[in-house]
1. Aspartates and glutamates within cross-link reach of B:K236: Cα-Cα under 18 Å, excluding same-chain residues under 8 positions apart?
2. If you restrict to DSSP beta bridges whose two residues both lie in the protein assembly as shown, what percentage is antiparallel, to the nearest 5?
3. So in the stretch B:28-134, what percent of DSSP beta bridges are antiparallel if you round to the nearest 5?
4. In whole angstrom, how far apart do the alpha carbon centroids of the stretch B:154-203 and the stretch A:106-127 sit?
5. Between the label point of A:Q342 and that of the same position in each other copy, find the distances and list them shortest first in nm, with every label point placed 7 Å from Cα along the Cα-to-C-beta direction.
6. Are any of the pairs A:K225/A:K336; A:K225/B:K37; B:K44/B:K219; B:K171/B:K299; A:K27/A:K75; B:K141/B:K186 more than 25 Å apart by Cα-Cα distance, and if so, which?
7. Under 5 Å between amide hydrogens, which residues at least 5 positions from A:G334 or on another chain qualify, with H placed 1.01 Å from N in the peptide plane?
8. Could you tell me which of rounded, prolate or oblate describes the stretch A:225-293, using a ≥ b ≥ c as the square roots of the eigenvalues of the alpha-carbon gyration tensor, with rounded for a/c under 1.5 and, failing that, prolate when a/b is larger than b/c and oblate otherwise?
Protein chains: 2
Amino acid sequence: MHKINLDLKENSYSILIEENIIENAGKHLKSLKLGKKIFILTDKNVSPLYLNKLMDSLDDYEVKPIIMEAGEHLKSFVNLTKICNFILSEKPDRNTTLIALGGGVIGDLTGFCASVILRGINFVQIPTTLLSQVDSSVGGKTAINTNAGKNLIGSFYQPKIVLIDPNALQKLPEREFLCGYAEAVKYGLINNREFFDYLCKNEKKIKNKDVETLKYIIKTSCESKAAIVEADEKEKSGTRALLNLGHTFAHSFEKETGYSDVLKHGEAVAIGMVMALKFSIELGHCDKKDLELVLEHFKNMGLPTDLSHLNLPANLTKTEIEGNAQVLLSHMCGDKKNENDQIVFILMNAIGESFLSRNTKKDDVLKFLEQNLV
Amino acid sequence: MHKINLDLKENSYSILIEENIIENAGKHLKSLKLGKKIFILTDKNVSPLYLNKLMDSLDDYEVKPIIMEAGEHLKSFVNLTKICNFILSEKPDRNTTLIALGGGVIGDLTGFCASVILRGINFVQIPTTLLSQVDSSVGGKTAINTNAGKNLIGSFYQPKIVLIDPNALQKLPEREFLCGYAEAVKYGLINNREFFDYLCKNEKKIKNKDVETLKYIIKTSCESKAAIVEADEKEKSGTRALLNLGHTFAHSFEKETGYSDVLKHGEAVAIGMVMALKFSIELGHCDKKDLELVLEHFKNMGLPTDLSHLNLPANLTKTEIEGNAQVLLSHMCGDKKNENDQIVFILMNAIGESFLSRNTKKDDVLKFLEQNLV
């Protein structure tokens, strides 16, 4: 078993990575001294695979499952209200626990509910997708979406423990796997060139879902994220913002495609990272060779690298391209990282050397978007 | 000017108490380096009195007021959603500020909105009622109500500064003044016998709203609350729970009267404190003399001391009384302080010597309620 400790003073917790950990969850929760009542939030895709196993391991508790539809639309004020009202009707106390069993959507929504019920009840993450295992389950960002954009309402709220079963990835649809993989590559691009090289060297093993390789990828990703979160839990110094590499572009693409299955978050991030790299080259920060390496690895792995996912019609006029670029730019203007009307970007000096840039001009972004929309 | 510093590490802030501070708010906000965008949340009762003055003092900023209806029903999921969506539509960033201008309802709702928009934007409290000045504006508890009860959804989220204008109390309806006064007396009952004696000695001055006396009461109350919050910001050790003296009873009465004007929060707290004192005597913790002192002071000041506010019909049968007591007890069972199905009460050994009791038997509460319902 891999164990990673996230040191956040009174909010510290452990990330445990072990095959079949879901059916042993009860054992790992014991030391946390949780209250009797546990609610498990999961979705219709995940519950047939793991809910019974998880509930069997929790027979010392009073467990109630809440099974939701699947999809990004779950993260809404309406569902927040529904779930909170349901749990309150069951008379929870502050020792009551909410377990998120599923991917990033379930984790984000469950964590936000846990953070506001009685001003905070226990929260446990059991991520079952690669994306949630390497990224969203660690670090305590919770959120819902609104018409104005993705993750614009939420809280910083740390789980009591994160239980990661790498075997869950064997059952994951290929597209979901790749979405998570994009976030794993991200850690290499941010500050770990060695990890990026490891990934490039192990493309076959990763595609074949070799368990030891996957465990190493999850472990390295969680360690990278843990170090960044420890340095800047609430995204105040700028360090944590590095985790948003590719995300400023990604969120604007996702907004444009209505957070739909046309473009999944991980795909948007993959394209967004390529865009951030291209933009960094455009601004003179980074060498073209790094882009070639990233493009080659993404293509070998099957990750998207351009905006063909946006389903823009072919042969756009100049005016149409400018209009589309304006729309994407306006989406970026609502980004949480922004300060005083300036768009904050994560740019790259090289693979493994990302940095936060506060003084990007809107005109430069617009010009760049126009050039890269087709 | 009185200045009280609340030391909560990176969440530390000051409470400033000064006559006419509202019209000088801009001056006091300057050192906080807030972003350009400020939203002021207030209600229809408060806005005619102070909104223009406040806005005039903020002409260095882009200020938008949001004027709500008045009343406890404001604290709802529906209004949370509405306000968050409105502010998000104005493209805030993390330096954007939300000012609560009003009483406890406005403060609780505004603080909760501020805590979840972009996972936390700046929050400033300008309390205009005695209740919010001595209690709810200090300490960072934010909340909304649900069908299951009062303040069951919320967050711990500290303001950047609290600006208190004691002159605002001159314009406060008498009933509102008394509601706040009940929370001020509470600090005397919790751990400050000297303050309770001061209040008893100064009944006339308080009734006449002598400004120096009021300032002293606000200052002492804020200092008391600050010390308790510093010791236990997130209500984990039990120290902060002392601030809930009288509130377990109060919340059940309020729930029973539908959080309506039949029984206001401060009135419920006044009755709740008398009940906590009587219950403490019943359980052998406290001397009857203390009850007499409290009853005398409450009566002199015009605070309610019994359940006549609940509008129970006269001549209830034994079965009806038992039924009513059961209902009140069931309301208490949803209290946030409860742990593992035990009702947690704040009880008193004497005036100024309150303590947290975790092992109160439900049967004792029931018997006590039955005896005190008529």
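1. A:E10, A:D93, B:D7, B:D335, B:E339, B:D341
2. 45 percent
3. On the way: 0 of 17 bridges.
The antiparallel fraction comes to roughly 0 percent.
4. Here the answer is 34 Å between Cα centres.
5. 5.6
6. Numbers: A:K225/A:K336 19 Å; A:K225/B:K37 32 Å; B:K44/B:K219 28 Å; B:K171/B:K299 23 Å; A:K27/A:K75 30 Å; B:K141/B:K186 17 Å.
Result: A:K225/B:K37; B:K44/B:K219; A:K27/A:K75 exceed 25 Å.
7. Placed amide hydrogens put nothing under 5 Å from A:G334.
8. Cα axes put the stretch A:225-293 in the oblate bin.
No lab work stands behind these numbers, since they all come straight from the coordinates. Note that the coordinates shown come from a computational prediction; the quantities given were computed from them, not determined experimentally. Note that we place each Cβ from the backbone using ideal geometry, even for glycine, and neighbour counts take in every protein chain shown.
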